[in-house]
Each structure stands twice: as structure tokens, then as C-alpha cells.
Amino acid sequence: MAIIDLTEDQLAGYAPVREEPPDFDAFWQETLEAVRPVPLDPVLAPVQTALAFVDVFDVTFSGWAGDRIKGWFLVPKHVAAPMPCVVEYIGYNCGRATPYQWLNAPAAGFATLVVDNRGQGSYLPGDTPDVMPEPTGPSGNGYLTRGVAGPHGHYYRRLMTDAVRAVEVARAQSVVDPTRIAVCGGSQGGGLALAVGGLVGDLAAVAAQAPFLCYYRRASQATDSDPYFEITRYLRTNPDRVEQTFRTLSYFDAVNHAARITAPTLVTVPLMDDMCPPSTTMAAYVHCASDKELRVWPYGDHAGGETHSVGVLLDFLTKRLGA
């Protein structure tokens, strides 16, 4: 894959304009207030594994509309409590899979809460259904246009609310230091981390690697790869819904959420990423309002720095959370 978007020199002077609805903050205040009365009711059940240095718990908690969300909670043994915690969000159409997928942060001494994606699980298996409490209206394949007729019924309203609630679950654990919580993820997980970073004001760190869910209009015009091509495909057959579609998506644009982040933030941008074009991920970095770090992978595709990505992430988390 060659560079299909902007070069590193072009990105250095990049100044994209955000598409933000005037009631963005009011919408999210209403959304989170609507679910606040619902008890989190976290249930943690010990899981027997072959891991000698990590305790594993099967987690269930109440997300949007009280829907029960699954996850894993991994606690490194021989680390003094209360310890820092990483809330890990997962990539597009992936689920929580097995605990063995998520050992990097525990190996570095961090408790880790892995949050399942409701309704997703084609590439890595998931365990959480999407109940869809509101009518969703016409949509295309995938999740980007599910409920796109308006923000209140859109899929990502539910998923992002689940992600916010997961931070509350992590903070409620006795082994966790509630002042040292980081949110992180790659691709869709990175977009969710940026969104939560903007919605939760007292995090210790945010890390987004090649984040998805950024700058939707530009993304739909810069790549013909899924998942963003879901938008293109939908608008090809619904040309009268272009502006309404992007207005709905603007409530879930991680670029708008990034403008509200106050925690130290890491964003990584692979320049040969055809799934999440560099100009879209860079837009989130440019508008991020906090102390921020950028890592560019000049020859990276969507996998970023390949095996080097883990080291970059853990170095950042250790610096911000402590060991």
C-alpha cells in the first residue's frame, strides 16, 4: 500500500475545519443523564486460565438502556493495590475474544478492563448483543449508517455510552486507583478512546492508535475501503440524505470529542493506512485540546508500527500512569 492521502509534510500544516452541531454538548449531556439512573451493577466472576501472573474475571455491567455489556478484567498479581487501570476498547466488528488477547497492559503492571462491542464480533468473537431500543430507519451494511436518520437512534450513541460506563466500572474496583485511569484502543477502539476522553473529564491518559470514527465526510471521500465505504455506498443510493447523514455522524465524530479532551493524549498516524486515512486521524490530533503526543509511522498501514506499536503505547502509559 502506497501513500494514498497526505504526506507527512502536508500533514504538518494541516488545519481541517470541524463539522460540529450547535447542540453537541447538550446532546451528550442528555444522553449520559438518561443512563445515569441505571445502576452499573457490575458482576465479576473469576475465570480459570493458564496465566500464572494475571487474575482474570468475566465482567458484566449495565450500559446504554441497562443492556448488559460483557468484558474481561485482568489484574496482574504481585502488584500493589490500588494500581493504575487501562480501559481497552476494541476494533471494528471485533469482540472481547479470550483473555489471552489482552496481556500487554497487565504485563506492564496495569489492571485492564476490556470492553466488548455490542453486536459486533465477526473478526474476534463477541458476547454482547445489541438490543436496539429505538427504531433505526433505513441504513446500509455495517454500523456507521445504522440509525443514521438521527443521532438519538444511531448505533454509536449506544456504543459510546457503554464505553463511558466502563470507566465507571473500572473506578469502582477496589484494586484500582481511580485517579490513574487511562482509555486506549486502536482503530474503532481508538475512536472510542477519543470520544470517552472528551466525555469524561478526569482521566489520566488517552491513547488512540490509527483511530477510526474521525472526520467522516473526509473519510468517505478519501478511501474506498470499509468501514468508511459503508457511508459512500449508502449515500450513492441515497443522494438526498447526504447532509442529514453527516449531521447525524457529527455527534459521534471523534474529532469533535477530541476538542474536549483534557487528559494527556497520544495519537498515532500510519501514513499508508487505507482504512483510516491519515488526514482523518490527524484531524483528531490537530483539534485535541490537551497536552498531546503524535507518533507518525511513515510506512505503516492500518497496523501502524507493527510490533513497535506496543512499546510506544506502554512507554506512554507508564509515563502517564506510573508503574
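Couple of notes before you dig in:
- Filtering the range 122-170 to residues that are of a type in the set (Val, Ile, Thr) and either farther than 20 Å from Thr237 by Cβ or in contact (Cβ under 8 Å) with a residue 40 or more places away in the chain (or both) leaves Thr128, Val131, Thr145, Val148, Thr161, Val164, Val167, Val169.
- For Gly119: the one exception among (1) in contact with a helix residue (DSSP H, G or I) (Cβ under 9 Å, 6 or more places away or on another chain); (2) surrounded by 21 or more Cβ atoms within 10 Å (Cβ to Cβ); (3) free of Cβ contacts under 8 Å to residues at least 40 places away in the same chain; (4) under 24 Å from Arg36 (Cβ atoms): (2)
- Val267 outside any loop (DSSP other than H, G, I, E, B), of a type outside the set (Phe, Trp, Tyr) and out of contact with any strand residue (DSSP E or B) (no Cβ under 9 Å at 6 or more places or on another chain): no
- Matching residues, the range 11-42, being exposed (fewer than 12 other Cβ atoms within 10 Å of the Cβ) and in contact with a strand residue (DSSP E or B) (Cβ under 7 Å, 6 or more places away or on another chain): Pro39, Asp41
- Filtered residues of the range 105-119 (kept if of a type in the set (Gly, Ala, Ser) and either in a helix (DSSP H, G or I) or closer than 18 Å to Gln188 by Cα (or both)): Ala105, Ala107, Gly119
- Residue in the range 206-220 that is surrounded by the most Cβ atoms within 10 Å (Cβ to Cβ), counting only those that are at negative phi and either of a type in the set (A, V, I, L, M, F, W, C) or modelled with pLDDT under 95 (or both): Ala208
The values are calculated or read from the model by the stated rules, or taken from the named source; none is laboratory data. What you are looking at is a predicted structure, and each value in this text was computed from that prediction instead of being measured. All Cβ positions, glycine included, derive from the backbone under ideal geometry; neighbour counts span all protein chains shown.
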